[in-house]
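Before any comments, here is the structure.
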Amino acid sequence: MAFIKFSLVFIFIFSTALAQTRFSSKSCLDSTYKMKMIQKGPLFGLLKQEFQIDKKNCLIHILHHKYFPKEWYIDVCREPVHIKVTSATGVDVAKKDGNCLNVDKTRDTSDFCSQYFNLIDVIQDDGLIFAEGDRDNLSSAHGKTYCTYLLIKKYLNESVIFSRYTEVPDIFLEPLKTTPAPVTLPAEGVEGKKENDGAKLEASPPVSKKTTTI
């Protein structure tokens, strides 16, 4: 009887520990899920605001409907790094051609950096903030949104091309931030100063001592 009780306690503790384990980079990439959130939108909540994620392995489809519907399609296993955007004006493809530092969000939809920052804002403001559940659990709406967010940042921002058939890079690892090197005086300036000082010393005539005789 005591053994049975001990076994039940052990199974409970073990299952609880597994439930509290954060999803891995591999499980995030391989996952297939759909999640949808509808909230009160503008005009005093008369309009509905919709945020939806449809993910199947490497393919991610995000739909956002506020005033007008807008959709992003990202394949994190495909190169070159790009975003497909569907809006009221049609379909545009924004291909990455450099790092995104500053962005003007009023630029056209074919601009990669503009689309990237707009997409990140939508996921953060209308997804991560309002999604319910445990962030580290892929079965929750919050976990699905967080997994999508990490994959998209790694692919679009850091240009990481994923593959389901090789080792998956760590999506939780943030890129190292480099600091500018301290400014130092040129070595030759210091040496030149030393040489000049030495030359001045050598140019000085030696001081002679006078002797007196009695």
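Each reported figure results from applying straightforward, stated rules to the coordinates on display, with no laboratory input. As the structure is a computational prediction, the values presented were derived from the model and not from experiment. Cβ: placed from backbone, ideal geometry, glycine included. Neighbour counts: every protein chain shown.
Among LEU128, TYR33, TYR155, which residue has its Cα positioned farthest towards the positive end of the charge dipole of segment 21-157, with +1 placed on the Cβ of Lys and Arg, -1 on the Cβ of Asp and Glu, and the dipole taken about the Cα centre?
It is TYR33.
Would you please classify the overall shape of segment 21-157 from the alpha carbon gyration tensor, given that a ≥ b ≥ c denote the square roots of the eigenvalues, rounded means a/c under 1.5, and beyond that prolate means a/b larger than b/c while oblate covers the rest? Walk me through the numbers before you get to the answer.
Working: a/c = 1.80, a/b = 1.07, b/c = 1.69.
Oblate, since a/c reaches 1.5 and b/c is not below a/b.
Just want to confirm a number: the relative contact order over segment 21-157, from Cα pairs under 8 angstrom separated by 6+ residues, in percent. Don't skip to the end; give the middle numbers.
Details: 233 pairs, mean separation 24.2, N = 137.
For segment 21-157, the relative contact order is 18 percent.
Taking the Cα centre of segment 21-157 as origin, work out the dipole magnitude from +1 charges on Lys and Arg Cβ and -1 charges on Asp and Glu Cβ, in debye rounded to 20. Walk me through the numbers before you get to the answer.
Values: 20 positive and 17 negative charges, 52 e Å.
Computed about the Cα centre, the dipole is about 260 debye.
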